[in-house]
Amino acid sequence: MRYGEESAAGAALIAWYDRAARVMPWRVGPAERAGTRPDPYHVWLSEVMLQQTTVAAVRDYFRRFTARWPTVGDLAAAEDAAVMAEWAGLGYYARARNLLKCARVVAQDLGGRFPGTAAELRTLPGIGPYTAAAIAAIAFDEPAVVVDGNVERVVARLWAVEAPLPGAKAELTELAGRLTPAVRPGDHAQAMMDLGATICTPRGPVCALCPVSDWCAARAQGIAAELPRKAPKPEKPTRLGFAYVALDAAGDVLLERRPEKGLLGGMIGFPGSEWSAEPAPCPPLAADWQEVHTVRHTFTHFHLTLRVFVARTEGEGFTPRAAFSPAALPTVMRKVWDAAQSALSPQPE
Ligand code: SF4
């Protein structure tokens, strides 16, 4: 799309929405809009439910919630446990707790009325920038710029923005703002959502059916399905460490409980060094330590390479073999144990 073409493309998008809007239980569709305003309670409830959840999954939950609690005041007066039980299955339970908090603020402090601007909505519990803009646009027709992953994709394609996400976010938001009209901004926001969900889909955009294809730079360049580009995720660092498996003649094992705080907090494991770029060897007792293996394990934020040492020795504080269950070890320590076992001759029962 070229600068100056936004209003023509926006008009085509709204005309398509008037013909093809998806029917949703919380939506006041284009045919009913004359004289009917969307209920802010319904818009808010649906937008909170839709955070990280699909439209298909939300429909029944929305119907049940609004049948049981028809107004925000009814929801505010509900028992916490009843709301949590109705929410069960939608996941991300912090959302349900924030939902109740928000309902109570609106019912008790704001006289049961949701504020009508994105800026005010953002001050309420559980309402972030996207949700605030969506409610302000859909329920109150504020020309707020509503940008989620769907909108980023459509906009990146319309303008053929090749800069990768997340760095391109600011540019895509600015372009989405250019497309947001002063008239019917709520329907525009919903049209963008529908377009992204049904036609301008992530892998297979159906440009032949698209109402704004005449203005789409990515379609013209044949790169629609490649956009938006995404920056490669940063490489995980690798940390190193030493692990020591000490066994006495009876096969009893030297174990330690990890500190409560931190990774694998409170879990049982083998003594060892810190896990870092340059750990120092730190055998737990003097013995003839033999290096037997290298264990690799990946945690959420780093890869770990552990050098495993084994010694036959005697000492205090060993755990009787019968009281030690390798199955109870965290996975990385299981790997250490398995590595040690493979290097040792079988133990007497
Ligand atoms: Fe998306 Fe294709 Fe429409 Fe462009 S023409 S907005 S790529 S569906």
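All of the numbers you see were taken from the coordinates with simple rules; none came from a lab. Nothing here was measured: the structure is a model prediction, and the numbers come from that model. When we count neighbours, we look across all protein chains shown, and the Cβ atoms used for this are built from the backbone with ideal geometry, even at glycine.
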Per-pair calculated FRET efficiency, R0 = 35 Å: LEU264 and ARG97 via Cβ, rounded to 0.05: 0.80
Given an 8 Å cut-off on Cα distances and at least 6 residues of separation, report the relative contact order of segment 64-213 as a percent. 17
Beta bridges per DSSP with both ends in segment 238-341, % antiparallel, nearest 5: 60
Residues of segment 123-160 with backbone N under 18 Å of the label point set 7 Å from the Cα of THR54 along Cα→Cβ are 149-151
Computed about the Cα centre, the charge dipole of segment 46-200 from +1 Lys/Arg and -1 Asp/Glu charges at the Cβ has a magnitude in debye, to the nearest 20, of 220
For segment 200-349, give the magnitude of the charge dipole about the Cα centre (Cβ charges: +1 Lys/Arg, -1 Asp/Glu; no others), in debye to the nearest 20. 880
List every residue whose amide H lies under 5 Å from the amide H of ALA77, counting only residues 5 or more places away in sequence or on a different chain, with H placed 1.01 Å from N in the peptide plane. none
Kindly write out, for segment 294-311 in residue order, the coupling ³J(HN,Hα) from the Karplus curve 6.51 cos²θ - 1.76 cosθ + 1.60 (θ = phi - 60°), rounded to whole Hz, with x marking Gly and Pro. 10, 9, 10, 8, 10, 9, 4, 10, 7, 8, 10, 10, 10, 8, 9, 10, 10, 9
HN-Hα J couplings of segment 46-57 from phi, Karplus 6.51/-1.76/1.60, θ = phi - 60°, integer Hz, Gly and Pro as x? 5, 5, 5, 5, 7, 4, 6, 9, 7, 4, 4, 6
Pairs of Cα atoms under 8 Å, at least six residues apart: use those to get the relative contact order of the chain, whole percent. 14
Just to confirm the filter: which trypsin sites (Lys or Arg not before Pro) across segment 37-116 are DSSP coil and have at most 12 other Cβ within 10 angstrom of their Cβ? ARG113
Among beta bridges that DSSP assigns inside the chain, antiparallel share in %, nearest 5: 55
Sticking with the crude label model, points 7 Å out along Cα→Cβ, report the distance from GLU79 to THR123 in nm, one decimal please. 3.4
Once GLU174 and ALA343 are pulled to full extension, the length gained, defined as 0.36 nm per residue separation minus their Cα-Cα distance, is 54.7 nm
Stretchable slack from GLN108 to THR201, in nm (0.36 nm times residue separation minus alpha-carbon distance): 29.3 nm
Could you go through segment 124-137 in sequence order and give the Karplus-derived ³J(HN,Hα) for each residue, using 6.51 cos²θ - 1.76 cosθ + 1.60 with θ = phi - 60°, rounded to whole Hz, and x for Gly and Pro? 8, x, x, 10, x, x, 5, 4, 4, 5, 5, 5, 4, 6
